[in-house]
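Q: Take this structure, written in structure tokens, and hold onto it; I'll ask about it next.
The values are calculated or read from the model by the stated rules, or taken from the named source; none is laboratory data. Treat the numbers as computed from the prediction; the structure is a model and nothing was measured. Cβ atoms come from the backbone with ideal geometry, glycine included; neighbour counts cover every protein chain shown.
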Amino acid sequence: MNDTLFSLSGRTAMVTGASSGLGRTFASVLAAAGASVVLTGRRMELLEQACVEITSQGGEALAVTMDVTDENTITQGFDEAERSCGCIDILVNNSGIAHGESALEIASSDWDRVIDTNLRGAWRVARESGKRLIKAGKPGSIINIASILGFRVIKGVAPYAISKAGLVQMTHSLALEWSRYAIRVNAIAPGFIDTDMNREFFKTDAGLSMQKRIPMRRVGDPDELAGALLLLASDASSYMTGSVVTVDGGHLQSTL
């Protein structure tokens, strides 16, 4: 096998929602593979801290303010990234939020906030990325971070599950339209992954019970998404587009 197959040397990646959680992990993984990485989000202090960690390990990183619900900041963020790093040819659409409440009780404003971030936000950023790649005549890879809840559901997170199902279909649609431009659009559908947001929950009785329903009997580690990320970002997946790679310890094969 070619040792450079998964290399991202000479590539420029952007990760949305990169100030913490999975986004911060994704940025580090891409930088370690050789990409110059643009970390975007609303919390500049945390973005800059993540950049310091990456550069201290020999990587190249830039922090850029971006709110995926605000088209102006998306345009400005891409402009700033291009001035410093050149055209973005890898995009990781990672920004996402959840709201835990039953469908009968959730406020319309909370529904809108989840859909606007997880689905419309991803659409806005992907479209901006696609426009710029096409104008530059460059190939690219867009990776949407979906969820197994885009295929199966649990109670209390209806807008989240619906937004992720929409994101899967968006992946298929953009892959079909943009293949002619050598822009590949794929997705990763993680199962339950250990992050700061949910770590305490998985220690509760309900969280431990949920883990028992995962065939591997545990939640995943963020680093266990690295293989799928590098596959889709690199030339190792040069003939893949419209694919959704599930990383869930076999959870989709069981009963949620």
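Q: Exactly one condition in (1) crowded, with 20+ Cβ neighbours inside 10 Å; (2) at pLDDT 95 or above; (3) in contact with a helix residue (DSSP H, G or I) (Cβ under 7 Å, 6 or more places away or on another chain) is not met by T171; state its number.
A: Only one criterion in (1) crowded, with 20+ Cβ neighbours inside 10 Å; (2) at pLDDT 95 or above; (3) in contact with a helix residue (DSSP H, G or I) (Cβ under 7 Å, 6 or more places away or on another chain) is unmet by T171, namely (3).
Q: Quick check on my filter: what residues within region 150-209 are outside any loop (DSSP other than H, G, I, E, B), of a type in the set (D, E, K, R) and out of contact with any Phe, Trp or Tyr (no Cβ under 9 Å at 6 or more places or on another chain)? Let's see the steps before the verdict.
A: Start the filter on region 150-209 by keeping residues that are outside any loop (DSSP other than H, G, I, E, B), which leaves 150, 157-181, 183-190, 193, 201-203, 205-209.
Narrowing further to those that are of a type in the set (D, E, K, R): 164, 177, 180, 184, 203, 205.
Selection gives E177, R180, K203, D205.
Q: In region 56-113, how many are closer than 29 Å to N198 by Cβ, among the acidic types (D, E) and in contact with a strand residue (DSSP E or B) (Cβ under 8 Å, 6 or more places away or on another chain)?
A: Result for region 56-113: 1.
Q: Identify all residues within region 1-21 that are modelled with pLDDT of 95 or more and either surrounded by fewer than 17 Cβ atoms within 10 Å (Cβ to Cβ) or not in a loop (DSSP other than H, G, I, E, B) (or both); write none if there are none.
A: Hits for region 1-21 are S7, S9, G10, T12, A13, M14, V15.
Q: Of a type outside the set (D, E) and under 28 Å from G227 (Cα atoms), is that true of A61?
A: yes
Q: Can I ask one more? Cβ-Cβ under 7 Å, sequence separation 6+ or interchain: first residue in region 48-71 and farther than 13 Å from R24 by Cβ and modelled with pLDDT of 95 or more, partner exposed (fewer than 15 other Cβ atoms within 10 Å of the Cβ) and not hydrophobic (A, V, I, L, M, F, W, C). Which pairs?
A: L62/S84
Q: In region 210-224, how many are surrounded by 11 or more Cβ atoms within 10 Å (Cβ to Cβ) and outside any helix (DSSP H, G or I)?
A: Matching residues across region 210-224 total 8.
Q: Which residues, counting only those in region 132-158, are touching a Ser or Thr at 6+ places or on another chain (Cβ under 7 Å), farther than 21 Å from S7 by Cα and β-branched (V, I, T)?
A: I148
Q: Right, here's the next one. I need the full set of residues from region 79-107 which are in contact (Cβ under 8 Å) with a residue 60 or more places away in the chain and outside any loop (DSSP other than H, G, I, E, B), in order please.
A: The answer is A81, C85, I90, L91, V92, N93.
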